[in-house]
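The values are calculated or read from the model by the stated rules, or taken from the named source; none is laboratory data. Keep in mind the model is a prediction, meaning the values are calculated, not measured. Cβ coordinates were reconstructed from backbone atoms using ideal geometry, including for glycine residues, and neighbour counts include every protein chain displayed. For the accessible areas, the whole protein counts, side chains as well, though only heavy atoms, and no ligand, DNA or RNA atoms are used. Shrake-Rupley method; radii C 1.70, N 1.55, O 1.52, S 1.80 Å.
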Amino acid sequence: MSMNAQQPADHSTDLAQDIDPTATMLSERTGAGDQNRNPHRPISRSRLVWRRLRTKPNFYIGGVIVAIIVGFALFGDFFNIYAQGEQDNFNFNSPPSAQHYFGTDAIGVDLYASMTSALRKSLLIGFLAAPTSTLIAAIMGSLAGYLGGVFEMFTNWMINLLLVLPVFYVLMIVSPAIADPSNLPAALQWLGFLPAWGLLVLAIGFFSWMIMAQIVKNQTKSLKEREYVKAARFMGVSTPTILRRHVIPNVASLLIIDGALGVAMAILAETSLSFFGLGIQAPDVSLGTLLQDGTSAAVTRPWLFVIPASFLIALLTGVALVGDALRDAIDPTSEVNRA
């Protein structure tokens, strides 16, 4: 009998006996149209995760917050007559009003228009930097765990080196290259086609993958001893195919959690760098640049600081709530361990 190298991924290590088969069987047969369903068919993992996710209030609260902010960033300009950077020469330092919903700054720029543009830039960086970090962690961790040997030693050395480096100060050092791609080293001049915010995405992603890569590496070392992985290797299946079909699907839940929670960390990193003038540069705006401009006016013109800070806090809170709910739905033991 021939052996099949494309055996479905084994999720037994992820589920960890977290459901009651009897309860699942009964719940599957509750609907009138489900009477003919096979009661012995196991519930799919995606349906199980979604069923848990629907019971998490954090998911709904965080999802609504994020949806409102994303909707405001994408469609908020339709309700405003001023463009980003446009000046109103008759309203300097004006408080929020019917004409300027969020007020204006010292040179008459409408804060509402600046907020929509800043949110789009911060959200773009956050939703690109987090998957970049997760992708690097998946590739480096799975290769190190599966290949072992010299590559694993190199990966461990690189992880340990990056973990002990003060990331924020390293980003400060490379910030001139982010602000002006012509300052890139000769070996990285080919990245000059990227805009400044694209280089910031790569910088944040490159310094955020180490911990998840270590977790993926340890999981991969365990998975490569499974029978179906050994069978695929014996049949001559290539390493990239084994990793894609048998390893990555089994650590996908960890990568999804890391990607979701990493969005908040990436947005916070971008905001912090831009606040100190090391990230997004004028004429572009982000939440960090608006907070930097509003800090000196926090007492005299509080709307310039309070409004961007409120949006940042709400955004980070919403993303964190969704990430926590997703983590509890994928890994039920995480909620117990935190209690």
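For the reader, a short list of remarks on this structure follows.
- For ARG51, solvent-accessible area (1.4 Å; no DNA, RNA or ligand), Å²: 70 Å²
- Carbon and sulfur %, accessible surface of segment 150-307 computed with the full protein complex present, 1.4 Å: 70 percent
- Packing around the peptides 103-112, 75-84, taken as the average count of other Cβ atoms within 10 Å per residue, puts them in this order, highest first: 103-112, 75-84.
- Kirkwood hydrodynamic radius computed over segment 235-339 comes to 16.6 Å, based on all pairs of distinct alpha carbons.
- Rg of the Cα atoms in segment 167-240, relative to 2.2 N^0.38 Å, amounts to 1.69.
- In the full protein context, segment 112-175 carries 44 Å² of accessible surface per residue, based on a 1.4 Å probe and ignoring ligands, DNA and RNA.
- Under the simplified labelling scheme, the ALA98-ALA231 pair shows an inter-label distance of 7.4 nm, with each label point 7 Å from Cα along Cα→Cβ.
- Note on exposure: PHE151, PHE102 ranked by accessible area (1.4 Å probe, complete protein assembly) read PHE151, PHE102, with the most exposed listed first.
- Peptides 295-305, 129-139 ordered by average Cβ neighbours within 10 Å, highest first: 129-139, 295-305
- Within the straight-line cut-off of under 17 Å between alpha carbons, the lysines reachable from LYS230 are LYS221, sequence neighbours fewer than 8 places apart in one chain being disregarded.
- Cα centroid separation, segment 54-131 to segment 227-265: 38 Å.
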